[in-house]
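A short worksheet on the structure shown next.
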Amino acid sequence: MRPLNTALLALPLLIASAPVLAQGPVAIDIGAGRLDSAIIALGRQAGITIGISDARLGTHRVRRLRGVMTPERALERLLDGSDARSVQLASGHWRIVRATPTSRRSGAPIRLAVAMPVPVAQPVEEIVVTAQGARSDGLTRDLFGHLRLDGDFALGGQGRGSDALIERLPSLGSTQLGPGRNRLFLRAIADSSFNGPTQAVVGQYLGTARLNYNAPDPDLRLVDLASIEVRQGPQGTLYGAGTLGGVIRLVPNMPDLDDWQAGQSVSLAATQHGDPSADASAMLNAPLVPGAIGIRAVIYGGRDGGYIDDRLRGRDDVNRVETLGGRIAARIEPGDDWTIDLMGAAQSIDGRDSQYADRLGDRLDRASPFAQPFRNRFRLGQVAIGKQWDSFELLSTSTVTGLDLTETFDTSQPGAEPSLFRQRGETRLITNETRLSGETPGGIGWLAGTSLLHNRYRIRRARGSVERSSAITGIENQVDEATAFADLTIPATERLFLDLGGRISHVRLSGEALDAPLAAVAILARSSARRQQTAFLPSAGLRYRFSDRVSGHARYQEGFRPGGIGVRDDMVRRYRPDAVSAVEAGLAFSGSTLSGDVTLAYTRWRNIQADLIDSDGLPATENIGHGRIVTLDATLAWQPVPAFSIEASAVWADSRLADPSAGIFVLPQNRTGFDFASIPTGAVIAESNDLPNVARLSGRMAASYRASLGDAGDLTLGATLRYVGRSRLGIGPVLGAVQGDVLDTGLSASLQRGGRSFWLQASNLLDTRGNRFALGSPFTLPLGDQITPLRPRTIRIGADFSF
C-alpha cells in the first residue's frame, strides 16, 4: 500500500530533498510499488530534487530497484515502460513529465488513473521530504502547512478511526461523545459540542466523495488507504461551504488492474478496569479482465470493550461499541484514455451506552437510571468518469451519501421519575462536480469546474419517561448550492510560485419546523423560512524557495456556512450565515539531520454559529457574535542517525469571542465592584470569552528506532507523549465547564518480514483518568461535573498479512 498524492492534479509536485549530493553512482534500494513513492525514496537516497508535472503519473507501478548507479540511470529504470520521461533542469534537479506521442516509447501502454481519488479542486502543493528519510510514520508537510500521512500510518492505526488521527495531529481536535457522534475541529475553529442543524466546520472526504455536511464525523475506519491528507485553515475557495477549519481526505487504494492482491489484519486488546477488545479486516483485489476491469473489496469489524461502570444499575463496562463496515470499488478502462470508477461504502456503529463518568467514584463510573445508547448508520455511493488528453483532462464525479444518527440522553432530575430525551438526525447529501484541468507549455497549472449540491438535514426529537415519550419540535433544513470555481498556479520564477483562485456559490436555503405546536406555527408563519445567498470566495498565495533547504509561504483564504433555522425555548428561530477569512505565513527548512516548520495564522470569524442551552436544557443554535483566532504551530524532526529519529510538534491557540452579540454578556475578568444589575435581562452570561473546545496549548513528542534483524525481519520501536491543554465546553453558565489538561503516553513495537507484520502497542501507560470532554448529557450537566476519561491502560497485540 503505497502513498498516492493525487491531490496534485495536473499541477507541479515538488519533492524538495536535502542538499544536493554528488551526482555520481550511489547505492539505491527502492521497493516495488507506485512511481510516486519510488521517486520520494530516490530523492532521499540520492540527495536530488525531483518534480512531477502530472501527479497521475505517480500511479504507474514500478519494480524493485536495487544496486549502485547514477540518479539518471535510476530514473531511466524507474520510468521504463511508463508514459513518462525525465527532464534534467539543473545539476541535481529533475522533472518527470508526461511523454508526448513522439517521445513515448513505441508500444508503451498509456495507463490512465483519472479517477484515482483526488480532492475537490486542489491547487499546487509542494511536499518537502528530506533526503535522509521521512518521519517514522510517513508524515510530510507541504509548503502551505498541509499534512499528508501515507498508507503506513493507516496500518499503524490498526483499524482505528478518527481517534488515531487526533492522537497524531495536535491541531486536530474533537468532541468525545463517542464514535460516530463527534464533531472535528481544525486550526482552533470550533463552534459547538453538540450535533444539530449547523454545518460541520471541517469537510471530510473519502477520495472525492464528501462524507459530511450537517452530519458528525462518520468515523470511518482507516483500512486499506493510500494516504490521508489534512488541509488546515479555511478551504472555501476550492471545497465550498462547511470547510471553515479545513479538510480531511481519506484516499483509498483503488483497484489494481494487473495484479491479484489480498491482505488481512487481526488484533486483540486488554484494557485495565475494562472488557477486552478485538478487530479484524480483510482486503481482496481482483483484476477481472487484466488491464481493463478490476475490483477491490474491503471488510472490517471490531468491538471496543467498555470501561465505564454504572453504580445505580450495578453494571460494569457499559460503554461497549461495535463497528462493522466495508467498501467495494470497481475500475473500468474501456480504452481511448477513458476511465470509469464505481465505489460503494457502508458502516454501522452501535454504542451500548454513553462513555462519560462523574467525579463521585473512581472517575470511571457514574449513576444513571437507564442506558443511553447511540447508533450511527453511514452509506455512500459514487461514480466517477474521466478522460485524458495530451495536455488536459476531464473528471466528473457524482456522489450520494446518507448518515443516520440516533442518540439517547438522560434528563432525570432529583426527586422525579427517570426521564429521557431522544433525537434522530438524518442527513442526505447529493453532489456532482465536473472539472477540467491541465498545464500550459509554459508550466502554468490551471483548473476550472462546476459543482452542484443538495443536502437535506432532518432532526426529530422526543422527550418523556422511559416507557413513553412525546414528540417535541424538530427541524428540517435543505440546502441547494450551485458553484463555479477556478484556480491558477503560476511559476513566476524557478523559486517563486503564485496561486490565485476564486469560487462563486449561489445557495438556496429552506427550513421547516417538524412536529411543531400551534403557538410556534403562528409566531413564525407556518414555521418555515426561505432565503438565498451568493458568496464569492477568493484565495491568493505565494511560495518561495530561498534555497534547497529553506522555503516559505503566505496565503489568504476564506470560508462560509449558510444559515438555517433552529429551535430555542419552543420557538423556531433563524440563524444567519457565518464566514471566516484567514491569513497565514510560514517557513520550512530541511537539513542533513534536522528539519522543521512553523506557521502563524490569524483568522476573523463573523456571525459565529454556536449552540447554547435553552431554558429546557436543550441545545439551541444562535449567532453569538464575531471572533478572532491566532494560532502558531510548529514541528521539529531530528534524525541523528539513520535508525533513530525524534519529532516534536505543538500548537498554541488564542481563540476569543471578540465582539459578542446582543444576547451574550461576557463577565469581566476582574469583577471587583462590578454591578451585576447592569447585565441585560435575558442575556446569556459567559464566564469567559474563550471559544469552545479550543485548548491554549497542545503538543506531541515521538521517538522511533528501526533496526534490521537479518532473516528475522525489521524491528521498529516507538514511544509517544501527547498533551492536550485546558479548554471550555461552550458559551454560557452551564457550558462553561473546564476540560482538558490531559497527558497520554504510549509504546509500540513491530516486527516486519516480507508481507507479514507482528506488533504490540500499549497506551495510557500511567493509567491516568483525565477529562477529555466535560459532557455526557446536557440535561443533567447542571447537577454535577461530567467527565470523559481516557481509556485506561490498554495492551494490544496483532498481526497483518499481505499477499
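The values are calculated or read from the model by the stated rules, or taken from the named source; none is laboratory data. Because the structure is predicted, anything quoted here is derived from the model rather than measured. Using ideal geometry, Cβ is built from the backbone for each residue, glycine included, and neighbour counts are taken over all protein chains shown. Side chains included, ligands, DNA and RNA excluded: accessible areas come from the protein's heavy atoms. Shrake-Rupley method; radii C 1.70, N 1.55, O 1.52, S 1.80 Å.
Of interest is the spacing of the C-alpha centroids, which for segment 427-469 and segment 528-599 amounts to 18 Å.
Each residue was assigned an accessible area with a 1.4 Å probe, and for Tyr705 the value is about 100 Å². For the chain, the longest principal axis of the C-alpha atoms and the axis of helix 35-46 are separated by about 70°.
Heavy atoms of the protein chains alone define the surface here; on that basis the chain has 38 Å² accessible area per residue at 1.4 Å probe size. The 1.4 Å probe gives accessible areas that order His454, His273, largest first, as His273, His454.
Can you order the peptides 216-226, 764-774 by their average number of other Cβ atoms within 10 Å per residue, highest first? Let's see the in-between values first.
Numbers: 216-226: 25.9, 764-774: 18.4.
Packing proxy ranking, top to bottom: 216-226, 764-774.
Computed as a quarter of the hull surface, the mean projected area of the alpha carbon convex hull for segment 440-501 stands at 8.2 nm². According to the Kirkwood relation over distinct C-alpha pairs, the hydrodynamic radius of segment 528-596 is 16.0 Å. Give the calculated FRET efficiency between Arg531 and Tyr556 to the nearest 0.05, with a Förster radius of 35 Å applied to their Cβ-Cβ distance. Once rounded, the FRET efficiency stands at 0.80. Our compactness index for segment 299-381, the C-alpha radius of gyration over the empirical 2.2 N^0.38 Å, is 1.73. When the Cα gyration tensor is reduced to axis lengths a ≥ b ≥ c, the ratio a/c is 1.5 or higher for segment 315-433, and with a/b above b/c it is classed as prolate. Here the mean projected area of the convex hull built on the C-alpha positions of segment 578-650 is 7.5 nm². Within the shell of other residues whose beta carbon sits under 11 angstrom from the beta carbon of Ala653, the net charge comes to 0, with Lys and Arg scored +1 and Asp and Glu -1.
What a 1.4 Å probe finds exposed on the chain is 57% carbon and sulfur by accessible area, rounded to a whole percent.
Regarding segment 208-354, what is the average projected area of its C-alpha convex hull, in nm²?
Values: hull surface 47.5 nm².
Value for segment 208-354: 11.9 nm².
Other residues within the sphere of radius under 13 Å centred on the Cβ of Thr493, judged by their own Cβ, net out at +2 (K and R +1, D and E -1).
Once all protein chains are placed together, Phe536 keeps about 130 Å² accessible to a 1.4 angstrom probe. Taking other residues whose beta carbon is less than 9 angstrom from the beta carbon of Trp759, and scoring Lys, Arg as +1 and Asp, Glu as -1, yields 0.
Put simply, the Cα atoms of segment 591-726 extend 76, 33, 30 Å along their principal axes, the longest span coming first. Between Leu747 and Arg66, the contour length at 0.36 nm per residue exceeds the alpha carbon distance by 241.9 nm. In nanometres, what is the gap between the two model label sites at Ile797 and Ala662, each 7 Å from Cα along Cα-to-Cβ? For the pair Ile797/Ala662, the computed spacing is 6.7 nm.
The chain: percent of C-alpha pairs farther apart than 36 Å? Don't skip to the answer; put the middle values down first.
Details: 140911 of 322003 pairs.
Every Cα pair in the chain considered, those over 36 Å come to 44 percent.
Segment Asp29..Ser688, full-extension length gain: 231.6 nm, with 0.36 nm per residue of separation and the alpha-carbon distance subtracted.
Using the Cβ-Cβ distance between Tyr705 and Thr768 with R0 set to 35 Å, the FRET efficiency from 1/(1 + (r/R0)^6) comes to roughly 0.90.
Counting only protein chains, not ligands or nucleic acids, how are Arg604, Arg796 ordered by accessible area (probe 1.4 Å), most first? If you can, show how the numbers build up before the last one.
On the way: Arg604 95, Arg796 35 Å².
The residues order as Arg604, Arg796, largest area first.
If you take the alpha carbon radius of gyration of segment 729-779 and divide it by 2.2 N^0.38 Å, what ratio comes out, to two decimals?
Numbers: Rg = 18.5 Å, N = 51, 2.2 N^0.38 = 9.8 Å.
Cα Rg divided by the expected 2.2 N^0.38 Å: 1.89.
When peptides 243-249, 655-661 are sorted by average Cβ neighbour count within 10 Å, with the highest value leading, the order is 243-249, 655-661. Residue order by solvent-accessible surface for Val97, Val68, Val400, Val201 is Val68, Val400, Val97, Val201, largest first, with ligands and nucleic acids left out and a 1.4 Å probe.
If r is the Cβ-Cβ distance from Gln272 to Leu632 and R0 is 41 Å, what FRET efficiency results, to the nearest 0.05?
Details: r = 37 Å, r/R0 = 0.90.
Step by step, r from the Cβ atoms, then E = 0.65.
Remark: the Ser465-Trp389 segment gains 20.9 nm on full extension, using 0.36 nm per residue and subtracting the alpha carbon distance.
What is the Å³ per residue value for the convex hull set by the Cα atoms of segment 685-803?
Roughly 127 Å³ of hull volume per residue.
Sorted by packing (mean other beta-carbon atoms within 10 Å per residue), highest first, where do 456-468, 162-174, 472-484 land?
Working: 456-468: 16.3, 162-174: 22.0, 472-484: 19.8.
Highest to lowest by the protection proxy: 162-174, 472-484, 456-468.
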